[in-house]
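One structure below.
The values are calculated or read from the model by the stated rules, or taken from the named source; none is laboratory data. As the structure is a computational prediction, the values presented were derived from the model and not from experiment. No Cβ is skipped: glycine too gets one built from the backbone with ideal geometry, and neighbour counts run over all protein chains shown.
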Amino acid sequence: MPDIIVIGGGVIGSSIAYHLAVAGRAGDVAVIEPDPTYAWAATPRAVGTVRHVHGTPENVLMSSYGHAFYSAFPTHMAVNGEPAGMDFRKGGYTFMVWGKDAVAHAEANWRMQTSLGAGVELVDRARLRQLFPSLNVDEVDAALYSPNDGWIDPHAALMGFRRKARSLGVEYIQDRVVNLETSGKRVSTVLLESGKRLTPKIVVNCANCWAPDVCAMVGMKVPIAVMRRQTFYFEVRETLHPFGVTRDFGGLSFRTEGQGYVAGVTRLDEPRGFNWDVDHEWFDEVVWPKLAHRVKAFEALKVIRSWSGHYDQNELDSQPILGPWVGGLENFHIAAGFSGHGLQHAPAVGRGMAELLLEGRFASLDLSRFSYRRVVDNAPIVEHGPPA
Ligand SMILES: Cc1cc2nc3c(=O)[nH]c(=O)nc-3n(C[C@H](O)[C@H](O)[C@H](O)COP(=O)(O)OP(=O)(O)OC[C@H]3O[C@@H](n4cnc5c(N)ncnc54)[C@H](O)[C@@H]3O)c2cc1C
């Protein structure tokens, strides 16, 4: 019988399981994951950005750990001497802003980021033009530029964590959690679709967009909603210099990918709920004009592929909820609500949650501000970073 059950085997659940296993004193750890192909999971649909440009110190420090971890990923995740395959392209990250308030926030964030050792530069329009000659930056007042950031292959990261966790004894059970039974202030039994009943000591809900459904099984309310995020891969005729992850204050982001580019626009007013369709009209009316405004050569682009994925959007403050259900069941934990930055933070979240579960505290990096306590207190974390 597993001592710890992780519900959901995406990158977050798998990183937690790996960090528990590597600590060597977690007892038996099992991950319940219904779909080993991860067809609908968020992880393989992610764009893969790893950036130090965040508005809260914890997020910067989690990215630092993620950056170092993913840089050494092939070695960390080697199994029987065979390295894990995963690309980390350090093509840079740029976040462009305009207007007095946004520039002031960018400057404050830059000071905080550099005080934490992040290699982020605050650059002006003239420097941006030098760095990216084909970028139209006419209305841009300043940018945060981190040349050593970049993007990873999300699917390879997930497979690396999963393979390594299994090699360390973590059991992946192909099944779905359909109910949780309680006894006093504890989850007593995890019921699976197959009819199996498990009685672990600890349960961790890592079901991402489905985390609210799992919470509902025990009556826990979380402010997490499902939010569609559309991604478009396109190519252009002209050969341009490569673009690292390039984002602007208007929500547009794009970067080089193979022969072309991937792009999206963060739309926080997106209607909530699963929607797997891609809105091509919206691309034509909103995304394309923003792209063409930013890079002239994007006026003549051809969309080759597009897909939708979903954020587990924390409606309180766009930050994750980590740790026990404060005021609820003592052995029911959650790691969800990542709102579009869970991939880069998965290594730090895995390490932190393993420490919390085994030692009762976040030892390496204090993540207690992400506690469910702030949901109870209705006290959002205020951040002026790039929207996820
Ligand atoms: C389009 C898009 C772009 C993104 N870009 C980035 C980026 O550039 N950088 C970044 O850091 N992050 C990015 N993200 C966010 C990142 O992908 C997520 O935060 C992260 O992958 C979440 O991992 P997860 O393990 O929580 O979720 P998932 O990968 O969704 O895994 C959750 C798992 O739970 C399982 N599950 C569901 N219900 C149950 C149940 N009842 N029982 C058992 N298992 C269950 C599911 O099958 C699923 O496999 C992006 C997300 C999207 C959608």
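General remarks:
- Number of positions in region 39-87 that are under 30 Å from E383 (Cα atoms), assigned to a loop (DSSP other than H, G, I, E, B) and of a type in the set (G, A, S): 6
- Within region 342-388, the only residue that satisfies the criterion of being modelled with pLDDT under 95 and buried (at least 24 other Cβ atoms within 10 Å of the Cβ) is P386.
- Any chance G91 is not hydroxyl-bearing (S, T, Y) and not in a helix (DSSP H, G or I): yes
- Across region 178-205, the qualifying residues are those that are within 26 Å of A23 (Cα to Cα) and within 14 Å of the ligand (Cβ to nearest atom), and the one among them that is surrounded by the fewest Cβ atoms within 10 Å (Cβ to Cβ) is L198.
- Note on region 271-301: among residues that are within 25 Å of A41 (Cα to Cα) and aromatic (F, W, Y), the one that is surrounded by the most Cβ atoms within 10 Å (Cβ to Cβ) is F283.
- Filter result for I12 (closer than 29 Å to V187 by Cβ, more than 14 Å from the chain's Cα centre (by Cα) and near the ligand (Cβ under 9 Å from one of its atoms)): no
- Filtered residue count, region 206-231, keeping only those that are within 9 Å of the ligand (Cβ to nearest atom) and part of a strand (DSSP E or B): 5
- Any hit, region 166-185, residues being polar (S, T, N, Q), in the same structural domain as W282 (by TED's automatic domain parsing) and either touching a Cys at 6+ places or on another chain (Cβ under 9 Å) or within 30 Å of S63 (Cβ to Cβ) (or both): no
- Matching option when the condition is within 11 Å of the ligand (Cβ to nearest atom) and out of contact with any Phe, Trp or Tyr (no Cβ under 6 Å at 6 or more places or on another chain), among Q174, Q130: Q174
- Only one of the numbered conditions (1) in contact (Cβ under 8 Å) with a residue 24 or more places away in the chain; (2) within 30 Å of W110 (Cα to Cα) is not met by Q130, and that is (1).
- L268 passes every criterion in (1) among the hydrophobic types (A, V, I, L, M, F, W, C); (2) exposed (fewer than 15 other Cβ atoms within 10 Å of the Cβ); (3) modelled with pLDDT of 95 or more apart from (3).
- Condition met for Y18 (near the ligand (Cβ under 8 Å from one of its atoms), over 13 Å from the mean Cα position of the chain (by Cα) and not in a strand (DSSP E or B)): no
- Lone unmet requirement of (1) touching a Gly at 6+ places or on another chain (Cβ under 8 Å); (2) not assigned by TED's automatic domain parsing to the domain that holds V29 for A211: (2)
- Residue-level check: of (1) assigned by TED's automatic domain parsing to the domain that holds H52; (2) touching a helix residue (DSSP H, G or I) at 6+ places or on another chain (Cβ under 6 Å); (3) charged (D, E, K, R), R361 misses just (2).
- In region 241-266, the residues that are part of a strand (DSSP E or B) form Cβ pairs under 7 Å with partners that are acidic (D, E) and more than 12 Å from the ligand (Cβ to nearest atom), at six or more places apart or across chains, as follows: G260/E235.
- In region 327-355, residue farthest from the ligand (Cβ to nearest atom) [restricted to those that are closer than 18 Å to H52 by Cβ and among the polar types (S, T, N, Q)]: S339
- Listed by position, the strands (runs of 3 or more DSSP E) inside region 278-354 whose residues that are in the same structural domain as S371 (by TED's automatic domain parsing), of a type in the set (G, A, S) and under 30 Å from S183 (Cβ atoms) number at least 1 are 321-324, 332-336.
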